[in-house]
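Before any comments, here is the structure.
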Amino acid sequence: MATSVNIGGGDDQFNRYKMPPVMGKVEGRGNGIKTRIVNCFEVARALHRPPGYVCKFFGCELGAQTKIDDNAGVYIVNGAFQQNVLTETLRKFIDMFVLCSNCNLPETDLKLKKNGNITQACNACGSEALCDMTHKLCTYIANNPPDGKKKKSGGKKDKAARRALKAKKAHSPDHEDDDEKARRKADRAAKKAAKKAAENGEAVGMAADIDFHDEFATGPVEDDDEDDDVQWSVDTSKEAQEARMRELGAAAAILERAPAEDEHHMATKLKAYIDDGKKPSKVLSKSEKIFGEDDVIRGIMMAAVVDETVATMAKSVEDRAIPVFVYLGEPMEAHAQNAFLSYLDWVGEHDKKMLPLLPHFLKAAYDADVIEEEHILEWYRNEGSDTDVRKAVWVIIEWLEQEEEGSEEEEETDEDDE
């Protein structure tokens, strides 16, 4: 018998991912017959999984009770099972809970999310996929997490401690909720004022260029000793009102130029929120809070691609962004579809290295039925085909147009038959 076998299967002798073949020993007789997994610890160590997971998987698949004692190194499955049965069952465990679904390499770690979902994070390609949560082994993993920290019962003491920690944070100097709300309120007021000034056809100038004395004082301004002789009033003429609007517009422009939070940091924050297993509705609310009401879709796409390599960006969009868009509708509403297409324009103009990925993003959204063919073609045709973005997605447009022509020909054929 070979001393080791390939984890991913096959007979490539140069494969560096090896494990010892599983060995079972049948013991006892009658109702007490059982199969001891002799080298369960060694097999599990090669797979980077706790041995209890391997033994429990045998029990789940073979419909048998198990005995797991990590301290004594005892791993037993009730019943008599031949070597070939154990080998095939272990192969199924490797396929479901060890190999990466993207690159097919056994360099994954199991992660237990706060919402109870179990994912496989690949250290080779960076992808993260959800395990089959319907399998009985997932219940065992949830009760015996990979990090060895079992769930604590949420008693009154834990609840009181959490409340105390929350109160401490609320009164800490770093707590900036009120300041953040005030800043957002000021930003909204400034934008509203700037928009109103723009609608009135007024130019927005710098505040430093405005002479406040000329606008508000009707008499000459002398030195401080003669303040009593100066007569002040508010000029209500049309010219003075327009000047005051320009002043307000200038102040709004200054606020607009204030440095905003770094978008990379914002996208990273939203990505962590998505990876924490939050529901799509929560992700949408979080994106609106971080990026604003008009940039919800763009924020989700930025979160999906931030800190990803070129090789993993398309897969990340499929795993992180598309499920949220599906929640919005199949297809999404027109304004959401337009926002997605606007993101393609925006990212293609700001980062030319992203251009080769745009067809993949567009195809993923189309395949998930979140964006309609008519919207894609209308977007492409309205803007023309001379920009880099349109050239990048031409392969998708050509494919859609061919499908559209094929559908029209089929309709004409059906009409002729009638």
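Annotations
- Residue 343 vs. criteria touching a residue at least 40 places away in the same chain (Cβ under 8 Å) and surrounded by fewer than 16 Cβ atoms within 10 Å (Cβ to Cβ): no
- Failed item, numbered, when residue 318 is tested on (1) part of a helix (DSSP H, G or I); (2) at positive phi: (2)
- Filter result for residue 332 (surrounded by 16 or more Cβ atoms within 10 Å (Cβ to Cβ) and not in a helix (DSSP H, G or I)): yes
- Enumerated strands (runs of 3 or more DSSP E) restricted to the range 42-147, each holding at least 3 residues that are among the β-branched types (Val, Ile, Thr): 74-78
- Among the residues of the range 371-380, at least one is buried (at least 16 other Cβ atoms within 10 Å of the Cβ), of a type in the set (A, V, I, L, M) and not in a helix (DSSP H, G or I).
- Residue 56 of a type in the set (Lys, Arg), crowded, with 19+ Cβ neighbours inside 10 Å and assigned by TED's automatic domain parsing to the domain that holds residue 125: yes
- Scanning the range 17-47 for residues that are surrounded by 15 or more Cβ atoms within 10 Å (Cβ to Cβ) and either of a type in the set (Gly, Ala, Ser) or on the phi > 0 side of the Ramachandran plot (or both) returns 24, 44, 46.
- Residue 54 being over 30 Å from residue 127 (Cα atoms) and not basic (Lys, Arg): no
- Some residue of the range 243-264 being under 14 Å from residue 321 (Cα atoms), out of contact with any strand residue (DSSP E or B) (no Cβ under 8 Å at 6 or more places or on another chain) and either assigned by TED's automatic domain parsing to the domain that holds residue 121 or modelled with pLDDT of 85 or more (or both): no
- Only one of 124, 129 that is in the same structural domain as residue 20 (by TED's automatic domain parsing), under 30 Å from residue 273 (Cβ atoms) and without any contact (Cβ under 8 Å) to a residue 60 or more places away in the chain: 124
- Exactly one residue out of 343, 327 is within 16 Å of residue 387 (Cα to Cα) and among the aromatic types (Phe, Trp, Tyr): that is 343.
- In the range 272-315, the residues that are touching a residue at least 40 places away in the same chain (Cβ under 8 Å), of a type in the set (Ser, Thr, Tyr) and part of a helix (DSSP H, G or I): 281, 312
- Any hit, the range 89-102, residues being farther than 24 Å from residue 312 by Cα, surrounded by fewer than 18 Cβ atoms within 10 Å (Cβ to Cβ) and in the same structural domain as residue 137 (by TED's automatic domain parsing): yes
The values are calculated or read from the model by the stated rules, or taken from the named source; none is laboratory data. Computed from a prediction, not measured in an experiment: that's the story for all the values here. Neighbour counts are summed over all protein chains in view; Cβ atoms, including those assigned to glycine, are modelled from backbone coordinates with ideal geometry.
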